[in-house]
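What follows is calculated from the coordinates using simple rules that are stated; it is not laboratory data. Note that the coordinates shown come from a computational prediction; the quantities given were computed from them, not determined experimentally. Here Cβ is always computed from backbone atoms with ideal geometry, including for glycine, and neighbour counts include all displayed protein chains.
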Amino acid sequence: MLGTRRYFGLTAYQIALLAVLVVVLFFLSDSSVTKRIRYESQIRDLESQIEYYRQQTESDREKLHELQSNDDDLEKFARENYLMKKENEDIFIIQE
């Protein structure tokens with residue numbers, strides 16, 4: 001008869017039911033172990049992106065300060081990025 005033998009004070013039927021319950025709770029529910037691992041991986045990726053953008057923001061802030069404080073740097077930036085030129089000046093674009 002099923003359930004007459006006892007293991008750890010539980011019948012075989014109770015152990016089977018407990019095993020099914022553990023599987024459902026840990027692997028098939030909304031807060032499953034696999035989802036938690038996936039979410040933690042996404043969190044690590046997002047934290048690394050946050051750090052990258054913080055560094056990029058700091059770099060851009062420094063560049064902006066340089067451009068606002070020095071007219072020569074501003075002119076150099078405009079010439080290099082927007083192909084601006086002075087009158088009576090020719091520009092040659094060399095592509096690599």
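With +1 on each Lys and Arg Cβ and -1 on each Asp and Glu Cβ, how big is the dipole of the chain about its Cα centre, in debye rounded to the nearest 20?
Numbers: 13 positive and 18 negative charges, 341 e Å.
Dipole magnitude for the chain comes out near 1640 debye.
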*Scaled radius of gyration (Cα, divided by 2.2 N^0.38 Å) that region 30-84 gives*: 2.00
_Among 77, 46, 67 - extreme Cα towards positive end, dipole of the chain, charges at beta-carbon_ = 46
*Once the Cβ-Cβ distance between residue 62 and residue 30 is put in as r, and R0 is 41 Å, what FRET efficiency do you end up with, to the nearest 0.05?*
0.35
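Could you check how many percent of all C-alpha pairs in the chain are farther apart than 20 Å?
On the way: 3236 of 4560 pairs.
Result: 71 percent of Cα pairs exceed 20 Å.
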*Report the relative contact order of the chain, percent, no decimals, based on alpha-carbon pairs under 8 angstrom and at least 6 residues apart.*
8 percent
*Relative to the longest principal axis of the chain, what angle (0 to 90°, nearest 10) does the C-alpha long axis of helix 12-23 take?*
10 degrees
*Leaving out same-chain residues fewer than 8 places away, which lysines sit with a Cα under 19 Å from that of residue 85?*
76
_Karplus 3J(HN,Hα) series, Hz, for region 37-43 with 6.51 cos²θ - 1.76 cosθ + 1.60 (x for Gly, Pro)_ = 4, 5, 5, 5, 5, 5, 4
*If the cut-off is 20 Å between C-alpha atoms, which aspartates and glutamates fall inside it for residue 86, apart from same-chain ones fewer than 8 positions away?*
71, 72, 73, 75
*Going toward the positive end of the dipole of the chain, with +1 on Lys and Arg Cβ and -1 on Asp and Glu Cβ, which of 18, 8, 91 do you reach last?*
8
_Other-chain or far-sequence residues with amide H under 5 Å of residue 11's (modelled H)_ = none
